[in-house]
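Working notes for the structure below.
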Amino acid sequence: MAALFGPRANSLAIVMIVGVLTLAVLFAVAAYLFYRSPYQTAVGYAPEQPVPFSHRHHVGGLGIDCQYCHASAETSDFAGIPATHTCMTCHSREWTNAEMLAPVRQSLAREEPLRWVRVHNLADYVYFSHRAHVNNGVGCESCHGRVDRMPLMVQRKPLTMQWCLECHRNPAPELRPENRITAMGYVPAEEGIAGSELIEHYGTPLDRLTECTTCHR
Amino acid sequence: MSRLAALVMAALGVAIAGCDQPEMRFQPKYSTYDEAARWPDNQAARQPVAGTVARDQRLEPLARTLPVALDRRLLDRGQERYEIFCSPCHAASGYGNGMVVQRGFPAPPSLHSERLRDAPLRHFVDVITEGFGVMYSYRDRVPMEDRWAIAAYLRALQLSQQIPYDTLSAAQHSRLETDTREAP
């Protein structure tokens, strides 16, 4: 009877062990990269909207403050999607025949809300509050990016827990004074207010920012 | 070979799906402005019943004049809210040539006219609440306390355009000439 293991069995075993380990590591790396890729985080997500509303035009071009439309950002968890009435405040007289705005006029006439597609989606187990952020020195730009340069609203930040924690562990570099919250292109270093000063000003509870129940309930 | 590839893909799919908990991510609850098939208008956010009173709503009739203390904080708040909600048309200066007017919206009257300088504070609060001419109501965007703050700030804004140059101090003169804040 021939030997059960031939002369090549040892090398084969080593190749198999190394091969399986390498594959496992490669798989883990690939899975991690996939999990952090735009495919999973939705960075770059810019869905088609009922009206191709341009933040670049309204914010960048006209200089309308974020809160003109997102009026509940400082009082509510939800920043607020403007009612059709808000659009019509100007568009009752501006671009009144524009084909692009037909759904807005229709929404007003039929008293049916426009069905905007939400761009920044968080999992249901995350309890994000706009009020808690904008009243404590975090600017819109920190999470939404340069909205004044977006012809169509697009997600620019990964919105992963890791990304949230980067700021929750060290909020100082992201903080702004009250009157610069909605500003776009704010550079803390240029305005000369140190992050540590702002942390003191807002009374930022550094020890509580990374507790589980701050974001998960 | 293709069977092997399919097998590898399936294994990858199962492994990656295991990282996620869709039932946690999408919980059976309504968030703001969700669709809700159970309601006739398909909206989770309900319209309040006619005559609903908000918990923080004042029940006494609207004050005839400023119901809160006039201080710096109120004026700052008024300025901030004025610049957010009013300046697109009325302009930060109050002369009525704001950005939206420059794009074709009918120009509102200057806030520095004699008629509006003589108007009581309550007039501005009423206009913000009810709208005026082509101006829509801001009832749903500017809460009552902010309307009074804006009205109070308007007085300061009007005053700023009515002070004779000679009555200012030398320090104020130099500030007027060196202040580089843009007038939007």
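Just one of the listed residues (A:R149, A:R208, A:R169, A:R217) is surrounded by 12 or more Cβ atoms within 10 Å (Cβ to Cβ) and among the basic types (K, R), and it is A:R149.
Filter segment A:61-72 for residues that are part of a helix (DSSP H, G or I) and either modelled with pLDDT under 95 or more than 19 Å from the chain's Cα centre (by Cα) (or both); which is farthest from A:H91 (Cα to Cα)? Across segment A:61-72, the extreme among qualifying residues is A:G61. Within segment B:31-80, the residues that satisfy the criterion of being surrounded by 13 or more Cβ atoms within 10 Å (Cβ to Cβ) and in a helix (DSSP H, G or I) are B:L74, B:L75, B:D76, B:R77, B:G78, B:Q79, B:E80. Annotation note: of A:S92, A:S11, the sole residue that is facing another protein chain (nearest Cβ under 10 Å), more than 31 Å from the chain's Cα centre (by Cα), of a type in the set (G, A, S) and farther than 21 Å from A:L152 by Cα is A:S92. Entry remark, segment A:172-191: residues being basic (K, R) and surrounded by 17 or more Cβ atoms within 10 Å (Cβ to Cβ) number 1 in total. Take the conditions (1) more than 14 Å from chain A (Cβ to nearest Cβ); (2) assigned to a loop (DSSP other than H, G, I, E, B); (3) within 30 Å of A:L33 (Cα to Cα); B:Q27 misses just one of them, which is (1).
Within segment A:47-59, being within 29 Å of B:Q102 (Cβ to Cβ) and under 19 Å from the mean Cα position of the chain (by Cα) holds for A:Q49, A:F53, A:S54, A:H55, A:R56, A:V59. Hey, can you tell me all the residues within segment B:103-156 that are in a loop (DSSP other than H, G, I, E, B), more than 14 Å from chain A (Cβ to nearest Cβ) and within 20 Å of the chain's Cα centre (by Cα)? Across segment B:103-156, the qualifying residue is only B:L111. The condition (being crowded, with 16+ Cβ neighbours inside 10 Å and either among the β-branched types (V, I, T) or not in a loop (DSSP other than H, G, I, E, B) (or both)) is satisfied by just one residue among A:V43, A:V18, A:V51, A:V117: A:V43. Put simply, of B:L121, B:L157, B:L111 the only residue that is touching a Ser or Thr at 6+ places or on another chain (Cβ under 6 Å) and under 25 Å from A:Q67 (Cβ atoms) is B:L121.
The values are calculated or read from the model by the stated rules, or taken from the named source; none is laboratory data. Bear in mind that the values here come from a model prediction, so they are computed numbers and not experimental data. All Cβ positions, even for glycine, are placed from backbone atoms using ideal geometry, and neighbour counts span all protein chains on display.
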